[in-house]
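The values are calculated or read from the model by the stated rules, or taken from the named source; none is laboratory data. None of the values given here were measured: they were computed from a predicted structure. Reconstructed Cβ throughout: ideal geometry from the backbone, glycine too, with neighbour counts over all protein chains shown. Just the protein is used for accessible areas: all its heavy atoms, side chains included, with ligands, DNA and RNA removed. Shrake-Rupley method; radii C 1.70, N 1.55, O 1.52, S 1.80 Å.
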Amino acid sequence: MRVRETGGHDAVPRPFRAGAPAPPDDLEWDRAVRLIRAAGEVSLACHVVPDGDALGSMLALGRALRVLGKHVTASFGEPFGVPASLRFLPGQDILVEPGRMPAAPRLLIALDSADPARLGSLAGRAARAGDLVVIDHHASNAGFGGTRLVDPDAAATAVLAEELIRRLGVPLDRDMAQNLYAGLASDTGSFKYPSTTPAVHALAARLLAAGARPAAVARELWDRAPFGYLRVLAGALARARLERDAAGGRGLVWTTITRADRLAEGVGYDRLEGVIDQLRRTDEAEVAIVCKETDDGRWYVSARSKGGVDLSGVCAALGGGGHREMAGFLWPGPPGRALDRLRALLTAET
Ligand code: MN
């Protein structure tokens with residue numbers, strides 16, 4: 001099973017590469033446990049523009065390390081700011097600005113990051129770390145880190161973080177459970193994606209038993225927004241165009257959201273990730289595209305397919321990447337030419 005690229009829509013997903021890493025064996029888990037037990041101070045880093053899995057896994061592990069008496073600092077590369085939908089996650093007092101992380105950490109643990117570039121400005125710390133433990137579930141993981149808790153079959157990094165916490169002998173408390181549950185729910189699309197296995201539900205049951213509150217997680221992650229977001233969404237849907245003949249006759253639906261569109265409603269870029277979930281419902285289109293202008297004037301192009309068209313290569317050809325059904329790329333200017341290129345690539349793909 002391949003993992004799906006989920007969340008972190010602001011960031012450019014990495015292309016899938018063949019030869020996915022093998023899951024960690026007991027020796028590897030033991031090595032990670034030994035490194036952590038021996039450390040007085042542990043630094044944690046997750047990918048830039050963190051999603052529920054990246055941040056939830058990091059906060060849960062950070063809390064477990066504090067229970068063990070470790071000095072913990074955690075961060076992610078700029079832009080340093082917790083996305084609006086994740087501000088409800090408990091335990092954010094361990095977060096520090098990336099510049100305040102140790103310059104050469106003795107032990108650094110990287111979470112949910114397929115390669116060092118995903119750590120943004122913290123990539124240098126990972127390179128200088130005395131020991132680097134990588135906890136990740138991307139099939140495209142580039143193979144960095146001296147100790148690798150990387151399992152492409154894991155539905156979320158939270159699955160691996162929970163196993164590490166268990167192997168460290170730390171009982172799950174309510175805040176750890178809430179963070180891990182948020183990660184699991186995020187990366188399974190609220191238990192809807194094909195990565196939702198019996199083991200995923202078994203883990204969810206353990207997290208609920210430990211105090212996770214699924215109704216609160218669902219409401220915070222998916223079911224609330226300021227009124228301005230509804231106005232921006234309404235505009236994006238009103239501008240949507242359906243091209244039935246695109247993608248070899250399978251159909252393309254697309255829309256755009258400029259910086260001005262959302263600033264008129266007081267809506268930040270980090271609020272826009274749900275727009276494509278509305279567009280992708282279109283029966284007449286295999287592929288859905290949302291072009292979003294970032295605060296620096298570049299455009300992020302998010303793409304989704306229903307599995308009939310492989311988007312990973314299409315988006316890689318435009319400088320981004322991702323997975324079959326979920327991919328994207330950053331574009332330096334207005335998206336007209338990006339859409340032209342996409343149409344041509346989609347036709348070639350079908
Ligand atoms: Mn993840």
Top-ranked residue of the range 17-36 - restricted to ones that are touching a residue at least 60 places away in the same chain (Cβ under 8 Å) and basic (K, R), ranked as farthest from the ligand (Cβ to nearest atom): R31
Candidates A142, A209 - the one that is at pLDDT 95 or above and either under 23 Å from I36 (Cα atoms) or not polar (S, T, N, Q) (or both): A209
Some residue of the range 209-220 being crowded, with 20+ Cβ neighbours inside 10 Å and away from the ligand (no atom under 16 Å from the Cβ): yes
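One line per residue, one yes/no per condition, for (1) within 16 Å of the chain's Cα centre (by Cα); (2) touching a residue at least 40 places away in the same chain (Cβ under 8 Å); (3) open to solvent by 30 Å² or more (accessible area, probe 1.4 Å):
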| position | (1), (2), (3) |
| --- | --- |
| V42 | no, yes, no |
| L61 | no, yes, no |
| L68 | no, yes, yes |
| G77 | yes, yes, no |
| A104 | no, no, yes |
Those residues of the range 151-171 which are surrounded by fewer than 21 Cβ atoms within 10 Å (Cβ to Cβ) and either in contact (Cβ under 8 Å) with a residue 40 or more places away in the chain or basic (K, R) (or both), in sequence order: P152, D153, E163, R166, R167, L168, V170
Test: A154 is in a loop (DSSP other than H, G, I, E, B) and away from the ligand (no atom under 13 Å from the Cβ): no
Residue that is nearest to R66 (Cα to Cα) [pool: residues in the range 172-188 that are within 16 Å of the ligand (Cβ to nearest atom) and open to solvent by 10 Å² or more (accessible area, probe 1.4 Å)]: Y181
R148 being open to solvent by 40 Å² or more (accessible area, probe 1.4 Å), more than 16 Å from the ligand (Cβ to nearest atom), among the charged types (D, E, K, R) and modelled with pLDDT of 95 or more: no
Every residue from the range 129-141 that is free of Cβ contacts under 8 Å to residues at least 40 places away in the same chain and either outside the structural domain of A103 (by TED's automatic domain parsing) or in contact with a Pro (Cβ under 8 Å, 6 or more places away or on another chain) (or both): G130
Subset tally (residues that are part of a helix (DSSP H, G or I) and either closer than 17 Å to F329 by Cβ or open to solvent by less than 50 Å² (accessible area, probe 1.4 Å) (or both)) for the range 271-290: 6
Conditions (1) surrounded by fewer than 23 Cβ atoms within 10 Å (Cβ to Cβ); (2) closer than 30 Å to A215 by Cβ; (3) away from the ligand (no atom under 13 Å from the Cβ); (4) among the hydroxyl-bearing types (S, T, Y); number of the one not met by S121: (2)
